[in-house]
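Heads up: the structure comes next, in structure tokens.
The values are calculated or read from the model by the stated rules, or taken from the named source; none is laboratory data. Computed from a predicted structure; not experimentally measured. For neighbour counting, all protein chains shown are included, and Cβ atoms are generated from backbone atoms with ideal geometry for every residue, glycine included. Note: accessible area is taken over every heavy atom of the protein model, side chains too, but ligands, DNA and RNA are not part of it. Shrake-Rupley method; radii C 1.70, N 1.55, O 1.52, S 1.80 Å.
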Amino acid sequence: MATTSLVQRLARTELLAMTPYQSARRIGGSGDIWLNANESPFTNNEPAYNRYPEFQPIELIENYARYAKLDQTQVLASRGADEAIELLIRTFCVPGKDQITICTPTYGMYAISAATCNVGVNTVPLTKEWQLDPQLTDKLHDSKMVFICNPNNPTGSTLTPAQIEPIVAKLEQQCLVVVDEAYIEFSPQLTMASLIEKYDNLVVLRTLSKAFGLAGLRCGFMLSNNEVINLVKKVIAPYPIPAPVGDIAAQALSLGGVQKMSAQVAQLNKLAEQFSRRLSTLAGVETIYHSGANFILVRFNDSTWFQALGDEGIVVRNQNQVKTLENCLRFSIGNELEMNRLGDTLAKISKRKAA
Ligand SMILES: *Cc1c(COP(=O)(O)O)cnc(C)c1O
């Protein structure tokens, strides 16, 4: 008798037997006249866009696999990490029946994506130090997947692979562990990607929106074993990566592109450190949370700082409405000029309040 794998047990059963939509590009073929996709023969642009793009642009997948030190079969490109989140939920969760687990405060889209799919959300709050609940694995209530954001948005807090791996191991026969590494380039030593080979239930999410400076491009990646990737390929749209996106993303992931990104990350990490040192001298700043990402979460003595900054033309992310983040603001790390003006303005507000 064939044994069923974890992924087969967790997936929506209707997907297992389903044949994915056979788009013209997927069926492929060889020849010099292509009349199989109802495309126009006219090229109205340079470069030409009259042909549908590859399902998963080969150069893009090659480059990301090289960058992530994985096999190409372990990489799926998507319309941002946001699409990857939704695809995972749609692939594994039965609407009205299944649920996911999130560790709050965390990135808001896990719960939103679940809600739009009528999938339940089980919340296991982080500790005061933004660490995972020590009993997390006992509080999953048959969730199909648990999302762990590392570095975490909006706290900036980090977990080491040594902290996450035992959870993945413990849940190996039970549920997927989705580690959202949208900010991993700012703390590259924390990645779980190298453990994908070892655990069938591990999924890692990545994006070009943050460190690679390509938020406008909408390109992200799901990294996992081939079984998960192939299942998600049944759910994703037929041509998910627009041709110009694939080209620009592949360029960004060339050796030169990765070097450029690393240099920019080093700059931003330095600016973050300087900014956080400056903050620590200001009256009214209660807590500066240590961050492994390109933003810093700060707790102030009251909730008026957001408006005060806004009055000076500086837009930051207010977290005051989030449970346990009262009086907190999240500052993205901008360029040196922007950080200097932000620092000066905060100093001015601080003095004015103290007066
Ligand atoms: C920004 C962000 C995303 C979304 O990334 P896109 O690739 O732009 O969709 C996902 N997860 C976290 C934690 C983020 O901060």
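Tell me, what is the per residue accessible area of the chain in Å², probe radius 1.4 Å? Please report the intermediate quantities before stating the final value.
On the way: 17330 Å² over 355 residues.
Heavy-atom SASA per residue in the chain reads 49 Å².
For the stretch 87-246, what proportion of DSSP beta bridges, expressed in % and rounded to the nearest 5, is antiparallel? Mind showing how you got there, number by number?
Values: 4 of 20 bridges.
Roughly 20 percent of the beta bridges in the stretch 87-246 run antiparallel, per DSSP.
Between the stretch 277-348 and the stretch 178-247, what is the C-alpha centre distance in whole Å?
Each part's Cα centre sits 30 Å from the other's.
As a test of reading the structure, rank TYR21, TYR49 by solvent-accessible area (1.4 Å probe, protein chains only), most first. Show your work: numbers first, answer last.
On the way: TYR21 155, TYR49 105 Å².
The most accessible residue leads, giving TYR21, TYR49.
So in the chain, what percent of DSSP beta bridges are antiparallel if you round to the nearest 5? Spell out each step's value before the answer.
Details: 18 of 34 bridges.
Close to 55 percent.
Which net charge results when you count Lys and Arg as +1 and Asp and Glu as -1 among the other residues whose beta-carbon is under 10 Å from that of PHE212? Can you show the working numbers first?
On the way: positive: ARG206, LYS210, LYS260; negative: GLU185.
After counting each charged neighbour, the total is +2.
Among 117-126, 28-37, 69-78, what's the highest-first ranking by average C-beta atoms within 10 angstrom per residue? If you can, show how the numbers build up before the last one.
Working: 117-126: 17.2, 28-37: 8.5, 69-78: 19.0.
So the peptides 117-126, 28-37, 69-78, ranked by packing, come out 69-78, 117-126, 28-37.
Please compute the net charge surrounding ILE296, taking Lys and Arg as +1 and Asp and Glu as -1 over other residues with Cβ under 15 Å from its Cβ. Spell out each step's value before the answer.
On the way: positive: LYS210, LYS270, ARG277, ARG278, ARG299, ARG317, ARG330; negative: GLU273, GLU286, GLU338.
Local net charge: +4.
Over the Cα atoms of the stretch 1-100, compute the convex hull volume and normalise it per residue, giving Å³. Don't jump to the answer; show the numbers that get you there.
On the way: hull volume 20.4 nm³, N = 100.
So the per-residue Cα hull volume is 204 Å³.
As I understand it, the value is the acute angle between the Cα axis of helix 58-68 and the longest principal axis of the Cα atoms of the chain; what does it come to in degrees, rounded to 10?
50 degrees
Taking Cα atoms, how many degrees apart are the long axis of helix 255-279 and the longest axis of the chain, rounded to 10 and kept between 0 and 90?
20 degrees
Please express the Cα-Cα pair-distance distribution P(r) of the stretch 96-166 as a list of whole percents, one per 10 Å bin, running from 0 to the bin with the greatest distance.
Using 10 Å bins, I get a P(r) of 20, 54, 24, 2 for the stretch 96-166.
Give the distance, in whole Å, between the Cα centre of the stretch 25-43 and the Cα centre of the stretch 96-137.
The two parts, judged by their Cα centres, are 44 Å apart.
Using the Karplus curve 6.51 cos²θ - 1.76 cosθ + 1.60 with θ = phi - 60°, work out ³J(HN,Hα) for each residue of the stretch 102-112 in order, rounded to whole Hz, and write x for Gly and Pro.
Going residue by residue, I get 10, 10, 8, x, 8, 4, x, 6, 4, 5, 5 Hz, with x marking Gly and Pro.
Grab the eigenvalues of the alpha-carbon gyration tensor for the chain, scale each by 5, take roots, and send me the semi-axes largest first in whole angstrom.
Details: eigenvalues 288, 144, 61 Å².
After diagonalising the Cα gyration tensor, the semi-axes are 38, 27, 17 Å.
Roughly how many percent of the accessible protein surface of the chain is carbon and sulfur, given a 1.4 Å probe and a whole-percent answer? Don't jump to the answer; show the numbers that get you there.
Details: 8980 of 17330 Å².
Accessible surface attributable to carbon and sulfur in the chain totals 52 percent.
Can you give the alpha-carbon Rg of the stretch 257-354 over 2.2 N^0.38 Å, where N counts its residues?
Details: Rg = 13.6 Å, N = 98, 2.2 N^0.38 = 12.6 Å.
The value comes to 1.08.
Can you give the local net charge around LYS139? Use residues other than it whose beta-carbon is closer than 14 angstrom to its beta-carbon, Lys and Arg +1, Asp and Glu -1. The partial results should precede the final answer.
On the way: positive: LYS170; negative: ASP133, ASP138, ASP142.
Around LYS139, the surrounding residues sum to -2.
What is the helix-to-structure angle for 336-354, meaning the angle in degrees between its Cα long axis and the longest Cα principal axis of the chain, kept from 0 to 90 and rounded to the nearest 10?
With both axes taken from Cα atoms, the answer is about 40 degrees.
Which order do the peptides 136-144, 53-61, 11-19 come out in when sorted by mean C-beta neighbours inside 10 angstrom, highest first?
On the way: 136-144: 16.8, 53-61: 18.6, 11-19: 12.6.
Output ranking for 136-144, 53-61, 11-19: 53-61, 136-144, 11-19.
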